[in-house]
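These notes concern the structure reproduced below.
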Amino acid sequence: MSIERFQRILVTGSSGFLGHHVMPQLKQAFPDAELIGVGRKDYDLLQPGAPAAMLKDIQPDCLIHMAAKSGGILTNKRRPADFFYENLVMNTHTFHEAWKAKVRKLVTFMGGCSYPSGARSPIGEDQMWDGYPQMESAGYSVAKKMLLTQSWAYRVQHGFNSIVLIPGNVYGEWDNFNLEEAHVIPALIRKYVEAAERGDVTITAFGSGRPTRDFVYAGDVAAVVPWFVQHYDSSEPVNLSAGRRISIRELAEAIKKAAGFQGDIVWDTSMPDGQMDKIFDVQRLHDLGLSCDTPLEEGLRRTTHWFLEARKQGIVRL
Ligand SMILES: NC(=O)c1ccc[n+]([C@@H]2O[C@H](COP(=O)([O-])OP(=O)(O)OC[C@H]3O[C@@H](n4cnc5c(N)ncnc54)[C@H](OP(=O)(O)O)[C@@H]3O)[C@@H](O)[C@H]2O)c1
């Protein structure tokens, strides 16, 4: 593993949820580098020529590509073509142009939903190609998965240095709280906070609450990114998650507490439970001397506090 020194680090998607966490970590880790964050208003990466123009204008030696069309299950089910097209087009061209522009290192992100729907928990990186992902989000997750093949292909043919990180189910400040687009934690925080404000006596949750999942705090994901920028030069992906098993019932109780909801949770067992167990294997991350350890209760407390403050300031995506 080499120690890289970069002078100009370009971050796409810096205005997004994870971008808000990653930018300060990069600033702290690389105080002498010029750090340039861009969003869609600067370069719409879906437009032909935009990725090439961005790289020509900025001339980074390191590109951290976080721009994506991402969202929760509802929006993925409704708009699979948008998720497929936008991610595939953005990634394929941005990646190709980064190689052409002689960027020395590209850091990209895909998601845990790209693993096969039948993957065995804990889900290790070697299970990635063992089957097709969950159908509801396949537009997004299959498009994203192509990053792995692109990373391998450009490394083999061109010696281009790119890496692919796989954050699990990320939650934290700056997440999207729009109920159509949100992942499960921001959606539940918003519902429980609003139920508490209305003084509701019960809240309905779907399923039995028995399925187990693994959630990772965005601040933990962001904190390990600089290490990967500096030290990791392989197209073998790495899971970034807590590797901790928590039931949906425990999650709901923890969010209830964080949101200050005093009523009862009623479990609607007529609704399906989905996959019973989905936990990521974080051995590879740990073997690199890294971990994502913020306790869920603490992460939920910070996220709920941020949601309440950000809502007052009008800066939360609702
Ligand atoms: N959130 C998760 O749970 C999770 C889990 C695993 C992996 N990831 C991956 O982590 C990365 C960051 O995700 P996120 O949750 O931070 O996403 P996000 O909050 O939805 O932010 C997406 C970012 O991409 C930019 N973007 C979207 N379309 C663009 C376009 N056509 N041209 C240029 N920029 C565009 C957005 O810019 P504007 O704001 O200007 O539109 C925004 O800054 C993505 O690669 C995602 O797939 C996320």
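The values are calculated or read from the model by the stated rules, or taken from the named source; none is laboratory data. Note that the coordinates shown come from a computational prediction; the quantities given were computed from them, not determined experimentally. Note that we place each Cβ from the backbone using ideal geometry, even for glycine, and neighbour counts take in every protein chain shown.
Values as computed for the structure displayed
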{"item": "Residue that is over 24 Å from G111 (Cα atoms) and crowded, with 17+ Cβ neighbours inside 10 Å, where the choices are L63, L55", "result": "L55"}
{"item": "The stretch 116-155: number of residues that are more than 17 Å from G168 (Cα to Cα) and either polar (S, T, N, Q) or touching a strand residue (DSSP E or B) at 6+ places or on another chain (Cβ under 8 Å) (or both)", "result": "5"}
{"item": "Subset tally (residues that are of a type in the set (F, W, Y), touching a Gly at 6+ places or on another chain (Cβ under 9 Å) and part of a loop (DSSP other than H, G, I, E, B)) for the stretch 108-149", "result": "2"}
{"item": "Check on L188, under 30 Å from A258 (Cβ atoms) and not assigned by TED's automatic domain parsing to the domain that holds K257", "result": "no"}
{"item": "Long-range neighbours under 6 Å by Cβ, at least six apart or interchain, first residue outside the structural domain of R40 (by TED's automatic domain parsing) within the stretch 55-82, second of a type in the set (A, V, I, L, M) and assigned to a helix (DSSP H, G or I)", "result": "none"}
{"item": "Members of the stretch 294-307 that are more than 14 Å from L251 (Cα to Cα) and surrounded by 13 or more Cβ atoms within 10 Å (Cβ to Cβ)", "result": "T294, R302, W306, F307"}
{"item": "Residue under evaluation G209, criteria (1) in contact (Cβ under 8 Å) with a residue 60 or more places away in the chain; (2) assigned to a loop (DSSP other than H, G, I, E, B), criterion not met", "result": "(1)"}
{"item": "Where G71 falls short, out of the listed (1) within 26 Å of P186 (Cα to Cα); (2) within 13 Å of the ligand (Cβ to nearest atom); (3) in a helix (DSSP H, G or I)", "result": "(3)"}
{"item": "Residue tally, condition at negative phi, within 12 Å of the ligand (Cβ to nearest atom) and either surrounded by 18 or more Cβ atoms within 10 Å (Cβ to Cβ) or part of a helix (DSSP H, G or I) (or both), over the stretch 11-52", "result": "18"}
{"item": "Conditions (1) more than 16 Å from the ligand (Cβ to nearest atom); (2) of a type in the set (K, R); (3) over 20 Å from A310 (Cβ atoms); (4) buried (at least 16 other Cβ atoms within 10 Å of the Cβ); number of the one not met by R213", "result": "(1)"}
{"item": "Where V225 falls short, out of the listed (1) closer than 16 Å to M276 by Cβ; (2) within 13 Å of the ligand (Cβ to nearest atom); (3) not basic (K, R)", "result": "(1)"}
{"item": "Residue match in the stretch 257-278 (condition: within 15 Å of G219 (Cβ to Cβ), in a helix (DSSP H, G or I) and of a type in the set (G, A, S))", "result": "no"}
